[in-house]
Amino acid sequence: MSYGDPGFLYSVLACPMCKSPLTCNDEVLICSKDGRRFKILRGIPRFVESDEYVDSFSFEWNTHKTTQLDTFRNDGSSEDIFRKKTGFKPEDLKGKLVLDAGIGAGRFTDVMARWGANVIGIDLSYAVEAAQENFRHLDNVLVAQADISDLPFKPETFDAIVSIGVLHHTPDTKKYFHRLVPYLRHGGTIAIWVYPAEGDFVTRKQWIPFTSRIPDRMFYEWCRWFVPYAQRRLDSLLIQSIYRIFPFSNQGLGLENDVLDTFDGYSPRFHGIHTPEEVENWFREAGLVDIHIPGPWNSSMQGIRP
Amino acid sequence: MSRSIVGVAEKLISIFGVSLYLIVVGCFLVLTGRIRVSPRGFARRVLALLRPPFKGDLVELIHEKGNCYVAPLGRTLISDSNGRSRLTLFEDGQALPYPHSSHDDIREVGAGRYSHWGDAVFFSSSDNSDPSKNGKRYSVREI
């Protein structure tokens, strides 16, 4: 089976434990070696039992299914960010098999699918429900619920791997990055962006042990009230002072985006911050070459598997 | 009816409860030095509200990159690098449309985007012409 054949993306899946091929039998994927079974629920192969430590993402992406997708926004804001954070251009990904590690609602899969890439998007959270809804009509996108630490693919499967704004939400950013690299083909490119150890990201890290404990719905209600309230008063001394202690989103992409982004910034359980040197070292340790920062975002990095 | 009352009550509890919790946590983070705030910076912001608004012409215009030009202000004010700038940039008396722009957008898109950063203004002219040669006057005023 080759790129473009119906069912090709399904044929790429493998048992996350032993990497043996899977056979599909009535909404269940079965490991051909040891008979392990993985359900397909609502069209989504499930390789995990729950959303574990990422329940806030399950909530936020099912609340904001389309807020950041260019296709629904009718603009190119996410494409612009994708180009700057990964360095990829349409011709780099057209016809290629790409893993979107941490698809969320599909903000960047939306860009890659439009560019003609064959994308498999995985996420540990129930954000996969939102992504599936956004892409169910596309033959070149497959969404699966899986953990980056036990990916359901054979090694050396993908032409490119992207993970933007995801790895720092795992228990160990470096370890999870290293889990991705073996799935890249020789000659393939991996591009990631993680939170930088600077500015607002440092301040937010101090809040995380406290804000991540607030029930998601309560904190979200609060963000829905606070963000528009603060944005209307940006010239006030009080709001400016609050901003320095509690930076809230004001990205110029609309109020819904800023409410989402403020919630996203404070609700996750893990919030790693990393210097460009640190990220570059992970790439070196993984044996990648042509390592470089592809755009203006310091803690984004691209490298090739030789 | 009762369901909507419950909904409003839940919303109010969320807003007040979370606000109170965040105020307590914020005080803790500041007082324990986990989040650093500068009393001098705060005092400067208060003083900025009390003194007369700054205004002046941009004279020394230096090409930075793409559509972006830099003009030193010759005065230290609260800028977007340490707060929120109150500066408005005028081109021949007409306010330019996009303050607080990212420097990348100023360089790449231009079209009147600008940013007050540190002691300088990073800006582009409205038609992306060279502001040092287009014969237009560029001035700033705190609003």
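What to note about this one:
- Test: residue in region A:89-108 that is assigned to a helix (DSSP H, G or I), closer than 30 Å to residue A:260 by Cα and within 16 Å of the chain's Cα centre (by Cα): yes
- The single condition from (1) touching a residue at least 40 places away in the same chain (Cβ under 8 Å); (2) more than 13 Å from the chain's Cα centre (by Cα); (3) farther than 20 Å from residue A:86 by Cβ that residue A:147 fails is (2).
Here is a yes/no grid of residues against (1) crowded, with 24+ Cβ neighbours inside 10 Å; (2) in contact (Cβ under 8 Å) with a residue 60 or more places away in the chain; (3) in contact with a His (Cβ under 9 Å, 6 or more places away or on another chain); (4) β-branched (Val, Ile, Thr):
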position: A:103; (1), (2), (3), (4): yes, no, no, yes
position: A:106; (1), (2), (3), (4): yes, no, no, no
position: A:109; (1), (2), (3), (4): yes, no, no, yes
position: A:113; (1), (2), (3), (4): no, no, no, no
position: A:119; (1), (2), (3), (4): yes, no, no, yes
position: A:125; (1), (2), (3), (4): yes, yes, no, no
position: A:129; (1), (2), (3), (4): no, yes, no, no
position: A:133; (1), (2), (3), (4): no, yes, no, no
position: A:138; (1), (2), (3), (4): no, no, no, no
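- Flag for residue A:93 being in contact with an Asp or Glu (Cβ under 6 Å, 6 or more places away or on another chain), of a type in the set (A, V, I, L, M) and at pLDDT 95 or above: no
- For region B:125-138, the count of residues that are within 21 Å of residue A:234 (Cα to Cα) and away from chain A (no Cβ under 11 Å) is zero.
- Once region A:294-306 is narrowed to residues that are within 14 Å of chain B (Cβ to nearest Cβ) and not in a strand (DSSP E or B), the residue that is modelled with the highest pLDDT is A:294.
- Total residues in region B:23-44, condition more than 7 Å from chain A (Cβ to nearest Cβ) and under 20 Å from residue A:198 (Cα atoms): 5
- Flag if residue B:85 is within 14 Å of chain A (Cβ to nearest Cβ), polar (S, T, N, Q), out of contact with any Gly (no Cβ under 7 Å at 6 or more places or on another chain) and not in a helix (DSSP H, G or I): yes
- Residue, nearest to the chain's Cα centre (by Cα), within region A:183-231, restricted to residues that are more than 11 Å from chain B (Cβ to nearest Cβ) and hydroxyl-bearing (Ser, Thr, Tyr): A:195
- Taken over region A:13-35, the criterion of being part of a loop (DSSP other than H, G, I, E, B) and under 24 Å from residue A:97 (Cβ atoms) is satisfied by A:15, A:16, A:17, A:18, A:19, A:20, A:32, A:33.
- Residue match in region B:53-61 (condition: within 14 Å of chain A (Cβ to nearest Cβ) and in contact with a Leu (Cβ under 7 Å, 6 or more places away or on another chain)): no
- Within region A:109-124, the set of residues being part of a strand (DSSP E or B), touching a Leu at 6+ places or on another chain (Cβ under 9 Å) and of a type outside the set (A, V, I, L, M) comprises A:118, A:121.
- When residue B:57 is tested against (1) buried (at least 18 other Cβ atoms within 10 Å of the Cβ); (2) over 30 Å from residue A:295 (Cα atoms), just one condition goes unmet, and that condition is (1).
- Tallying residues that are closer than 17 Å to residue B:43 by Cβ and at the interface with chain B (Cβ under 7 Å from one of its Cβ atoms) within region A:232-247 yields 5.
- Lone unmet requirement of (1) closer than 24 Å to residue A:154 by Cβ; (2) surrounded by 24 or more Cβ atoms within 10 Å (Cβ to Cβ) for residue A:95: (2)
- Pick from region B:88-102, criterion surrounded by 19 or more Cβ atoms within 10 Å (Cβ to Cβ) and not hydroxyl-bearing (Ser, Thr, Tyr), ranking: farthest from the other protein chains (Cβ to nearest Cβ): B:91
- Condition broken by residue B:47, with the remaining ones in (1) part of a helix (DSSP H, G or I); (2) facing another protein chain (nearest Cβ under 10 Å); (3) not β-branched (Val, Ile, Thr) satisfied: (2)
- Output for region A:6-21, where each listed residue is on the phi < 0 side of the Ramachandran plot, free of Cβ contacts under 8 Å to residues at least 60 places away in the same chain and among the small types (Gly, Ala, Ser): A:11, A:20
- Failed item, numbered, when residue A:52 is tested on (1) under 19 Å from residue A:249 (Cβ atoms); (2) surrounded by fewer than 23 Cβ atoms within 10 Å (Cβ to Cβ); (3) out of contact with any Ser or Thr (no Cβ under 7 Å at 6 or more places or on another chain): (1)
- Odd one out for residue A:27, checked against (1) in contact with a Cys (Cβ under 6 Å, 6 or more places away or on another chain); (2) surrounded by fewer than 17 Cβ atoms within 10 Å (Cβ to Cβ): (1)
- Residue in region A:271-284 that is surrounded by fewer than 21 Cβ atoms within 10 Å (Cβ to Cβ), of a type in the set (S, T, N, Q) and not in a loop (DSSP other than H, G, I, E, B) present: yes
- Residues being surrounded by fewer than 18 Cβ atoms within 10 Å (Cβ to Cβ), without any contact (Cβ under 8 Å) to a residue 12 or more places away in the chain and among the acidic types (Asp, Glu) - total across region A:217-257: 1
The values are calculated or read from the model by the stated rules, or taken from the named source; none is laboratory data. Computed from a predicted structure; not experimentally measured. So basically every Cβ, Gly included, is an ideal-geometry build from the backbone, and we count neighbours across all protein chains shown.
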